[in-house]
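S.K.: Before we start, here is the structure in question, set down as structure tokens.
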Amino acid sequence: MPPDTEAVAEQVFTALADPTRRAILAALASGGPATATDLAARLPITRQAIAKHLALLTEAGLVTAEHGERRRVRFRLRSAPMQVAQQFLAALARDWDRPLEALTEHLDRSAGKPATTRLEEARSRHG
Amino acid sequence: MGFPDRIERTVEVAHPPDKVWAALTTSDGLAAWFGNEATIDLRPGGPAWMRWTDGFRVDMRVERVEEPRVFGFTWQIYGLPKDDPRRTYVEFTLEPAGAGTRLTVVESGFAQLPDDAHGKAYDANTQGWASELGELVDYLDAA
């Protein structure tokens with residue numbers, strides 16, 4: 001795994017750990033690109049606080065600033081870092097223990113006799 | 001420190017490899033323990049899918065068939081959007097262990113990067129994954 005993958009994921013998780021930034025990212029995800037003023041109207045957060053968080057999120061590459069007409073700056077969510085974070089979660093969300101238990105139960109059932117099983121967690125190599 | 005690229009589990013079952021093989025590689029077998037409904041075309045490149053009663057469906061592609069030792073398939077990474085080209089590779093290995101079977105499942109490929117994270121085109125991403133998978137299969141075939 002390239003070393004910057006983890007840094008990207010960490011920035012996403014750090015951003016999501018803060019409720020204000022979470023609200024900003026959620027608003028951009030659901031409503032599309034917006035200016036700091038738009039966001040201040042929609043969220044119970046001051047425009048100053050929103051501007052501060054947007055600067056941080058832009059620096060981290062999680063949102064991108066688009067310069068529109070009349071010097072209005074609109075912020076857009078960048079999906080690429082989110083996809084990197086998502087794949088980190090995918091490894092944690094995968095459950096093989098329950099399917100393997102179901103498999104052994106199925107084999108025992110179809111053989112018509114109970115059987116002993118041993119489930120062991122094998123060493124997981126880190127990528 | 002990094003998140004795992006692969007997940008590995010080993011389980012010992014008190015049934016011979018041919019019984020385990022049937023449970024892993026037939027429509028009836030898969031539907032009995034994994035999905036609620038399943039179909040599989042058991043040949044490299046063959047399509048397969050499983051569906052659950054809640055409507056969730058997963059599509060698979062059979063990659064490796066070496067009865068009754070190795071069964072491998074690719075499927076979409078859980079939780080990613082339907083159009084995401086990334087896939088993980090799942091390989092079951094069956095080894096006789098006394099009267100039973102030592103079954104190992106390895107799922108790998110969690111650490112693939114979406115190439116657009118590095119500013120490349122989506123097409124390049126799809127192609128990159130396809131060739132990477134080809135290499136993986138070549139490597140596995142040669143092993």
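S.K.: Inside the range A:1-60, can you point out the residues that are touching a strand residue (DSSP E or B) at 6+ places or on another chain (Cβ under 6 Å), among the hydroxyl-bearing types (Ser, Thr, Tyr) and over 25 Å from A:Gln87 (Cβ atoms)? Walk me through it before giving the result.
M.R.: Let us first name the residues in the range A:1-60 that are touching a strand residue (DSSP E or B) at 6+ places or on another chain (Cβ under 6 Å), namely A:28-29, A:33, A:35, A:54, A:57-58.
Checking the rest, the ones that are also among the hydroxyl-bearing types (Ser, Thr, Tyr) come to A:35, A:58.
Of everything in the range A:1-60, just one residue is touching a strand residue (DSSP E or B) at 6+ places or on another chain (Cβ under 6 Å), among the hydroxyl-bearing types (Ser, Thr, Tyr) and over 25 Å from A:Gln87 (Cβ atoms), namely A:Thr35.
S.K.: While we're looking at this one, here's another question. Of everything in the range A:69-97 that's free of Cβ contacts under 8 Å to residues at least 24 places away in the same chain and assigned to a loop (DSSP other than H, G, I, E, B), which residue is nearest to B:Gln112 (Cα to Cα)?
M.R.: Top of the filtered list is A:Arg94.
S.K.: Follow-up question, since we're still on this one. I'd like the residue in the range A:28-41 that is out of contact with any helix residue (DSSP H, G or I) (no Cβ under 6 Å at 6 or more places or on another chain) and farther than 15 Å from A:Thr64 by Cβ and, out of all such residues, is surrounded by the fewest Cβ atoms within 10 Å (Cβ to Cβ).
M.R.: Step by step, filter the range A:28-41, then rank; the result is A:Ser30.
S.K.: Could you tell me whether any residue of the range A:5-17 is more than 17 Å from the chain's Cα centre (by Cα) and acidic (Asp, Glu)?
M.R.: Pass one, the range A:5-17, residues more than 17 Å from the chain's Cα centre (by Cα): none.
No, every residue in the range A:5-17 fails to be more than 17 Å from the chain's Cα centre (by Cα) and acidic (Asp, Glu).
S.K.: Does B:Phe110 fit the bill of being under 27 Å from A:Leu92 (Cβ atoms), surrounded by 16 or more Cβ atoms within 10 Å (Cβ to Cβ), at pLDDT below 95 and in contact with a helix residue (DSSP H, G or I) (Cβ under 7 Å, 6 or more places away or on another chain)? Explain how you work it out, then say what you get.
M.R.: Working: under 27 Å from A:Leu92 (Cβ atoms): yes; surrounded by 16 or more Cβ atoms within 10 Å (Cβ to Cβ): yes; at pLDDT below 95: yes; in contact with a helix residue (DSSP H, G or I) (Cβ under 7 Å, 6 or more places away or on another chain): yes.
Here the answer is yes, as B:Phe110 does meet what is asked.
S.K.: Tally the residues that are within 7 Å of chain B (Cβ to nearest Cβ), more than 12 Å from B:Val11 (Cβ to Cβ) and either loosely packed, with under 12 Cβ neighbours inside 10 Å or not basic (Lys, Arg) (or both), restricting the search to the range A:92-106.
M.R.: Number satisfying all stated conditions: 2.
S.K.: Could you check A:Gly61 against (1) assigned to a loop (DSSP other than H, G, I, E, B); (2) under 17 Å from A:Gln11 (Cβ atoms); (3) away from every other protein chain (no Cβ under 14 Å) and say which number it fails?
M.R.: (3)
S.K.: Related question: When the range B:79-108 is examined, which residues are found to be at the interface with chain A (Cβ under 9 Å from one of its Cβ atoms) and in a loop (DSSP other than H, G, I, E, B)?
M.R.: Once the filter is applied, which keeps residues that are at the interface with chain A (Cβ under 9 Å from one of its Cβ atoms) and in a loop (DSSP other than H, G, I, E, B), the range B:79-108 yields B:Gly79, B:Leu80, B:Pro81, B:Asp84, B:Arg86.
The rows are residues; the columns are (1) touching a Gly at 6+ places or on another chain (Cβ under 6 Å); (2) touching a residue at least 40 places away in the same chain (Cβ under 8 Å); (3) outside any helix (DSSP H, G or I); (4) over 23 Å from B:Asp83 (Cβ atoms).
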{"position": "A:Ala7", "(1), (2), (3), (4)": "no, no, no, yes"}
{"position": "A:Ala15", "(1), (2), (3), (4)": "no, yes, no, yes"}
{"position": "A:Ser30", "(1), (2), (3), (4)": "no, no, no, no"}
{"position": "A:Ile45", "(1), (2), (3), (4)": "no, no, yes, yes"}
{"position": "A:Ile50", "(1), (2), (3), (4)": "no, no, no, yes"}
{"position": "A:Pro99", "(1), (2), (3), (4)": "no, no, no, yes"}
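The values are calculated or read from the model by the stated rules, or taken from the named source; none is laboratory data. What you see is a predicted model; the values in this text were computed from it and never measured. Because the Cβ atoms are built from the backbone with ideal geometry, glycine has one as well, and the counts that use them run over all protein chains shown.
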